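Each value in this text was obtained by applying a stated rule to the coordinates, not by laboratory testing. Fair warning: this is a prediction, and the values are worked out from it, not measured in the lab. We place every Cβ from the backbone using ideal geometry, glycine too, and count neighbours over all the protein chains shown.
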Amino acid sequence: MKKSAGLYLSAREASAELAISQATLYAYVSRGLIRSEPSQDSRSHRYRAEDVRTLKERRTPSPEPRGLRSFDADLPVMDSAVATITEDGPIYRGVNCIDLAERDTLEHAATLLWDVTGVDPFEQDNCPVVSDEMRAVADAARGANAIDRTIAVLALAASADPRAFTRADEGRAMLGGRIMRLVVATMLNAKSSAKPLHLQIARVWAPEHKHAADLIRRALVLLADHELNASTFTVRCAASTGLNLYDAVIPGLAAHASLNPKPTVKVRDDTAPVKGATIRGGGKVGHTNAKGLASLKGFKRHALVRVTKAGYMASLFRVP
């Protein structure tokens, strides 16, 4: 028991060792930098001492001059009034995110995160301004992957929107609503709409799945605050230079696309990988190897793919 106890620290001990608040500790856990598991009393969590001390070594000030110090993308943590990470899940401006996902939409979560009270960024008339050039680019890139198409359209959006360069808080919130609607529509190869975003996505991704809209709605709320992942941090850096918000989103999308792993799918039954299964969708066909893996290279993003093999029930999935 003593040996096992030495492997773990309480939240108070881990926070003291790193000289951080418990909220920052939970942020490190959420990023996978410190492993955590329920304590034996199940009312609290304990934290791997090894991970805490490894992180402590990484956070030790470098002897290099401050201007030359290398940047560690895993470690930045900023004090924020926007969201708090707790053992019970994230809190958006004082509202429990888990509770929010039970009943609310991404639009409401965004309005809460942006701290908007005087205007409604998702009112019926606040739709994107789409120029002929934007429409032509979107049509020409219909077969491209969703992120590439969206970057191309966003590059023209600021010129089309006369309110793109506003500095007023409420004006920027309204701009945020238009950007979200434009991004979703462009990624879905659809016309921009004032309908709830989760309904638009479900209609294209899973029109025959009766629970899709609700599941997508919940996922969007839970993922509304991205903390400091690479794409979010990139957008914040770009926006801090004074870029309009349309252009600030572009490098974030590019950063996200660059992090995508090689596209593969793994097919298995209840006990082992399935060799020789056929995957077919969007005019492309592939087959699984001895490890049950098949490449999705060349398959369009979000294409509906059917998996078949003699003796097995067929299944469907969408390319990420």
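Once amide H atoms are placed 1.01 Å from N in the peptide plane, what residues at a sequence separation of 5 or more from ARG268, or on another chain, have their amide H within under 5 Å of its amide H?
Amide H neighbours of ARG268: VAL274.
Could you order peptides 216-223, 136-143 by the average number of other Cβ atoms within 10 Å of their residues, highest first?
So the order, starting with the most tightly packed, is 216-223, 136-143.
For the chain, what relative contact order do you get, as a whole percent, if you take Cα pairs closer than 8 Å and at least 6 residues apart? Display every interim value, and only then the final one.
On the way: 425 pairs, mean separation 37.4, N = 320.
Relative CO of the chain lands at 12 percent.
Going down the list LYS266/LYS300; LYS210/LYS275; LYS284/LYS309; LYS191/LYS300, which pairs span over 21 Å between their C-alpha atoms?
LYS210/LYS275
Sorted by average packing, counted as other Cβ atoms within 10 angstrom per residue and highest first, what order do 28-41, 147-160 take?
Top to bottom by mean Cβ count within 10 Å: 147-160, 28-41.
Provide HIS226, HIS108 in ascending order of the number of other Cβ atoms located within 10 Å of each residue's Cβ, fewest first.
HIS226, HIS108
Taking amide hydrogens as modeled 1.01 Å from N in the peptide plane, which residues meet the under 5 Å criterion relative to TYR8, leaving out close sequence neighbours?
When sequence neighbours closer than 5 places are left aside, the close amide H contacts are ALA49.
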